1. Among the candidates Val94, Val129, Val88, which residue alone is among the β-branched types (Val, Ile, Thr) and under 27 Å from the mean Cα position of the chain (by Cα)?
2. Here are the criteria: (1) open to solvent by 100 Å² or more (accessible area, probe 1.4 Å); (2) modelled with pLDDT of 90 or more. Tell me which single one Ala95 does not satisfy.
3. What about Leu74, is it modelled with pLDDT of 95 or more and open to solvent by 60 Å² or more (accessible area, probe 1.4 Å)?
4. For residues that are among the hydrophobic types (A, V, I, L, M, F, W, C) and open to solvent by 80 Å² or more (accessible area, probe 1.4 Å), tally how many sit in region 116-142.
5. Can you confirm whether Thr68 is within 28 Å of the chain's Cα centre (by Cα) and free of Cβ contacts under 8 Å to residues at least 24 places away in the same chain?
Amino acid sequence: MERHATAEAQNRGDRERREPRREFHTLPHQPLGPSEEKTDSDDPKERSTLRRERSAGRFVVVFLLFGTLVGIALLLLLTALVVWLSQVTGSFIVATLILGGAFALLAAGLYLLTIREAVEQIRARAETVYEVARLARTGYEWLSEKISMLIGIYNLLRKG
């Protein structure tokens, strides 16, 4: 047993002599923003805030990665469906048209059943915003006319 341990140590030493140690040199770390700055404070609230900021950033990255992976999975599934259907029908064009039509019907059904009401509410809100903007513009034009008239009267009185 002792002999085996000695042989292992010798092998490790031989490997270290053959392979030079790799050292990584990095630039000094510069904090990227307020969430990365070191604080000398022992305030638990401040530490909690920094931890929350970091975890929120991680959550966004993980969420974006998840969304990307779901998108890739759906594209691969759609590709597999087109290939399978093309083998059944004998034509890629027919398979693509069939699946395209099916997904168009699915999208139209989803829009009519679920999204249409939300889109109409958003459209109504946008119309309200446009109406308020139009009223604000009309008020601004009226006010600028009155101010221009007052400036004109002031200039006439000053000259006369």
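1. It is Val129.
2. (1)
3. no
4. Selection size over region 116-142: 5.
5. Yes: the conditions hold for Thr68.
The values are calculated or read from the model by the stated rules, or taken from the named source; none is laboratory data. The shown structure was predicted, so the numbers you read here are calculated from the model rather than taken from an experiment. Using ideal geometry, Cβ is built from the backbone for each residue, glycine included, and neighbour counts are taken over all protein chains shown. Just so you know, the surface numbers come from the protein's heavy atoms only, side chains and all, with ligands and any DNA or RNA stripped out. Shrake-Rupley method; radii C 1.70, N 1.55, O 1.52, S 1.80 Å.
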